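Colleague: Sharing a structure below in structure tokens format, with a few things to ask.
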Ligand code: GLY
């Protein structure tokens with residue numbers, strides 16, 4: 001068990017945050033107003049496909065975090081605030097985007113941070129509108145928010161987005177919105193989270209009857225496997241849903257997913273891209289899943305009623321961060337443009353394999369901020 005109170009450990013995290021700022025500053029200077037998704041041999045700009053349009057909040061999301069980590073009144077703080085607003089504002093039209101299920105990713109990482117800083121109600125309205133738009137994906141038969149692939153499809157990833165519906169419900173007092181969010185979480189818990197705490201990526205339904213048909217996957221190894229990033233989304237997302245709803249079932253599910261993650265990841269807390277991939281395939285890690293899990297565990301540690309388990313989650317989150325800093329930071333490779341190596345986007349489509357991925361960068365920086373903010 002590591003002790004966060006060790007100054008050398010804190011220094012490792014602090015210098016990773018500084019390295020993150022350096023890399024993002026270079027990206028902004030080299031490719032202004034470009035919102036990358038994953039690197040190709042370490043380069044952000046390339047012709048690779050996107051599959052779906054879900055990542056634009058992560059780059060400005062990091063900028064909001066960087067601003068917070070600069071000395072008040074410093075030139076750096078001013079720089080990151082200007083960049084954060086510059087990259088956040090163009091996202092506003094996405095509040096009406098009905099093509100994707102990712103509006104939580106886009107707006108909770110950006111507009112929510114902006115609103116918390118300024119309390120500007122016009123900024124808050126954008127988040128509320130986005131929450132209402134996401135709720136339009138709700139399928140009454142089956143009781144779930146449909147994924148971008150079709151009416152019959154539910155993704156585990158949506159657990160990271162449903163928080164924006166809870167948020168909009170709270171801000172407006174709209175009980176119908178809250179009901180949609182609650183029912184989506186309950187369905188996900190029932191059909192995608194297994195008894196051992198592992199998760200399936202996708203669930204398919206009969207749209208006529210609402211009957212749940214089967215578990216399947218797009219990015220994982222198999223329908224009955226546990227794709228590690230999907231598990232990390234569940235761990236984090238059920239924790240967020242508990243924070244908004246205080247429904248103990250969601251905390252229970254978040255804990256089951258966290259316990260599965262901890263028991264099955266490698267000893268340093270970094271998982272294979274899929275926990276059930278074949279032995280030779282398991283050597284491929286996904287550092288983005290580790291970043292999400294670290295951030296989720298740090299948050300979850302404060303929600304648990306059992307302080308001993310909370311401490312265990314906190315220390316595990318820090319241990320994962322330390323492993324990412326020591327083994328996967330791109331700081332030794334001068335040509336690499338990302339922060340963290342070893343992410344995986346879509347293995348079957350051959351996109352972003354063993355590369356930097358924007359969501360991995362964001363959740364890594366968020367987790368560092370959480371760890372440093374608490375004790376720094
Ligand atoms: N589509 C979300 C993810 O790749 O995790």
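Colleague: How high is the relative contact order of the chain, given as a whole-number percent (alpha carbon pairs under 8 Å, six or more residues apart)?
Modeller: Dividing the mean separation by the residue count of the chain yields 18 percent.
Colleague: Rounded to the nearest 0.05, what FRET efficiency do residue 194 and residue 75 have when you use their Cβ-Cβ distance and R0 = 45 Å?
Modeller: Efficiency for this residue pair is about 0.30.
Colleague: Sorted by packing (mean other beta-carbon atoms within 10 Å per residue), highest first, where do 281-288, 189-196, 68-75, 174-181 land?
Modeller: Most protected by this proxy first, the peptides run 281-288, 174-181, 189-196, 68-75.
Colleague: Continuing with this model, one more query. Where does each of 369, 151 land when they are ranked from fewest to most other beta-carbon atoms within 10 angstrom?
Modeller: Numbers: 369 22, 151 12.
Going from least to most buried by this count: 151, 369.
Colleague: For the range 83-157 and the range 324-365, what is the separation of their Cα centres, given in Å?
Modeller: Each part reduced to its Cα centre gives a spacing of 25 Å.
Colleague: Ranked from highest to lowest mean number of other Cβ atoms within 10 Å per residue, what is the order of the peptides 305-311, 15-21?
Modeller: Details: 305-311: 11.1, 15-21: 18.7.
The packing order, highest mean first, is 15-21, 305-311.
Colleague: Per the helix-only calculation at 222 nm, which mean residue ellipticity applies to the chain, given -39500 (n - 2.57) for every DSSP H run of n ≥ 4 and division by its residues, nearest 500 deg cm²/dmol?
Modeller: -16500 deg cm²/dmol
Colleague: Considering only 235, 112, 340, give the residue with the highest GNM mean-square fluctuation for the chain, with springs between Cα atoms whenever their separation is below 10 Å.
Modeller: 112
Colleague: Counting pairs of alpha carbon atoms under 8 Å apart in space and at least six apart in sequence, what relative contact order in percent does the range 268-316 give?
Modeller: Answer for the range 268-316 is 29 percent.
Colleague: Hey, another quick one. State, to one decimal in nm, how far the label point of residue 335 lies from the label point of residue 354, with both points 7 Å from Cα in the Cβ direction.
Modeller: Computed distance between label sites residue 335 and residue 354 equals 1.5 nm.
Colleague: Return the tail of the calculated pair distribution for the chain, meaning the percent of Cα-Cα pairs more than 37 Å apart.
Modeller: Roughly 13 percent, once rounded to a whole number.
Colleague: Using packing as a proxy for protection, rank 123-135, 40-52 so that the peptide with the highest average count of other Cβ atoms within 10 Å comes first.
Modeller: My ranking of the peptides, most packed first, is 123-135, 40-52.
Colleague: From the P(r) of the range 223-376, could you give the percentage of C-alpha pairs in the tail past 28 Å?
Modeller: Details: 1958 of 11781 pairs.
That tail contains 17 percent of the Cα-Cα pairs.
Colleague: Calculated FRET efficiency, residue 31 and residue 96, Cβ-Cβ r, R0 30 Å, to nearest 0.05?
Modeller: The calculated FRET efficiency here is 0.65.
Colleague: Tell me, what is the percent relative contact order of the range 1-127, built from C-alpha pairs under 8 Å that lie six or more residues apart?
Modeller: Here the relative contact order equals 20 percent.
None of the figures in this text is laboratory data; all of them are computed from the coordinates on show. These numbers were taken from a predicted model, which means no experiment stands behind them. Quick reminder, even Gly has a Cβ in these numbers, built from the backbone with ideal geometry, and neighbours come from all protein chains shown.
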